[in-house]
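Remarks on the structure that follows.
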Amino acid sequence: MRIATAGGLLLLLAACTGMPGAEYFGFGSAPPPPPPPAQPSQVGAGQVKVALILPLSAQGNAGATAQSMRNAAEMALAEFNNPDIQLLVKDDGGSGVGAQQAAQTALAEGAEIILGPLFAQSVSAAGQVARQRGIPCIAFSTDAGVAAPGVYLLSFLPESEVNRVVAHAATQGKRSFAALIPDNAYGTVVQAAFQQAVANHGGRVVVMERYPLDRGLMQASVQRVAQAARQVDAIFIPDGADSVVPITQALAASGATRKQLIGTGLWDAEPRLAAEPSVQGGWFAAPDPSGFRAFASRYRGRYGQDPARAATLAYDAVSLVAALVKTQGQARFAEATLTNPSGFAGIDGVFRFRQDGTNQRGLAVMRVTASGGQVVSPAPKALAAGGT
């Protein structure tokens, strides 16, 4: 870990991402993992009490992800040099009611800050309790709608990914865009972000289509974009492999994929996209993968299994809190400290919290190749004043 000061507070930590879009698509329907062995509800022996609220007893992948995040939090404590904090681990069961009760219990036990919860409804519930007491919350939801002053989101927000990839496209001379966007909650978020980003970078949206999730019904939308493809420089498809592969195959059949394809972090670490010729060469924004690879290696050495992708969120949150406790005294969790524009650096790159609770992150732009994502525009090492 490095800690430095330049023009105010600049903390460079050892540690971030939830699966982009996870808030909107859920964690899948995998069978629940076997129940983990009983674990202590308190970790560490420091003086500063910090709540960690996760859906540990939730079914399926949500519970497995929560357990991986708990492990990562404990790993951060172990790797930090003598942190003066004690984690109060609380299970919200994946519900708003559970999160409200967990937050109330943690605050009654003396928690000075809350890390988590993971899901939007839980963040809203816990955040309301925390704000009433003047206690900050660093949460893990990807839904910017639950951010608020004092309730900060550490996750990767779709809006940041869209802005980064559109900005890169603009620097490469792409000015006219088409878009094929899923007709769901995630699609609504990225559509608004896409329109704003294109306008901000002096481009224009020639055609935009929302397609239904039923693959058999999406062909009409795809064909309308294909017909307009001659007028555009790039085609935006912010979705996962289940939709992107058939869409790009249909576009390729019409010749439209001679245009530059761009997407969001949903393309990250998707082997089906890497194996699909019609997607190769496409751009998407994501954290530089080197940080997660190093983290995952240490995690495997400690726990004997791969971490969930969201595990770095918990690691970074605990590392950040430990560093603030060590360096900032009584102002450790003050608004001015948490929203300092110099920001912080974690496993997945630099980030800072805005006063409204959202964040800005430094992302790389990746290119889809047969061997995986390849960096074509590196993530910034620091965030520019007033932007990313």
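Any read-out appearing in this document is the output of simple, stated calculations on the displayed coordinates, not a laboratory observation. Computed from a prediction, not measured in an experiment: that's the story for all the values here. Note that we place each Cβ from the backbone using ideal geometry, even for glycine, and neighbour counts take in every protein chain shown.
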Loop-located GluC sites (Glu not before Pro) in segment 156-263, at most 15 other Cβ atoms within 10 Å (DSSP): none
5 Å-binned pair-distance histogram of segment 229-275 (Cα, whole percent): 5, 22, 32, 26, 11, 3, 0
Paramagnetic label zone (point 7 Å from Cα along Cα-to-C-beta, Arg215; backbone N under 14 Å) in segment 234-249: 240-249
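If a/c stays under 1.5 just call it rounded; otherwise compare a/b with b/c (prolate if a/b is bigger, oblate if not). Do that for segment 145-185, with a ≥ b ≥ c from the square roots of the Cα gyration tensor eigenvalues. List each step's numbers first, then the result.
Numbers: a/c = 3.94, a/b = 1.76, b/c = 2.24.
Note, shape of segment 145-185 comes out oblate.
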Projected label distance in nm at Gln47 and Ser176, using a 7 Å step from Cα toward the beta-carbon: 6.6
Residues Arg272, Arg175, Arg352, sorted so that the one with the fewest Cβ neighbours within 10 Å comes first: Arg272, Arg175, Arg352
³J(HN,Hα), Karplus 6.51/-1.76/1.60, whole Hz, each residue of segment 215-226, x for Gly, Pro: 4, x, 9, 8, 5, 4, 5, 4, 5, 5, 5, 4
15 Å beta-carbon shell around Ala130, net charge (K/R +1, D/E -1): 0
Relative counts (whole %) of C-alpha pair distances in the chain, using bins that are 10 Å wide: 5, 24, 32, 23, 12, 3, 0
Value at 222 nm in deg cm²/dmol, rounded to 500, when DSSP H runs of n ≥ 4 in the chain each add -39,500 (n - 2.57): -11500 deg cm²/dmol
Cα centroid separation - segment 329-378 against segment 89-157, whole Å: 20
Farthest toward positive dipole pole in the chain [+1 Lys/Arg, -1 Asp/Glu at C-beta], among Ile85, Val244, Ala170: Ala170
Inter-site label distance for Val205 and Arg272 at 7 Å from Cα along Cβ, in nm: 2.6
Dipole magnitude of segment 75-211, debye to nearest 20 (Cβ charges: Lys/Arg +1, Asp/Glu -1, about Cα centre): 620
Likely footprinting exposure, Leu338, Leu217, fewest C-beta neighbours within 10 Å first: Leu217, Leu338
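Efficiency by 1/(1 + (r/R0)^6): what FRET value for Gln132 and Glu109, r their Cβ-Cβ distance, R0 = 22 Å, to the nearest 0.05?
Working: r = 16 Å, r/R0 = 0.75.
With a Förster radius of 22 Å, E is 0.85.
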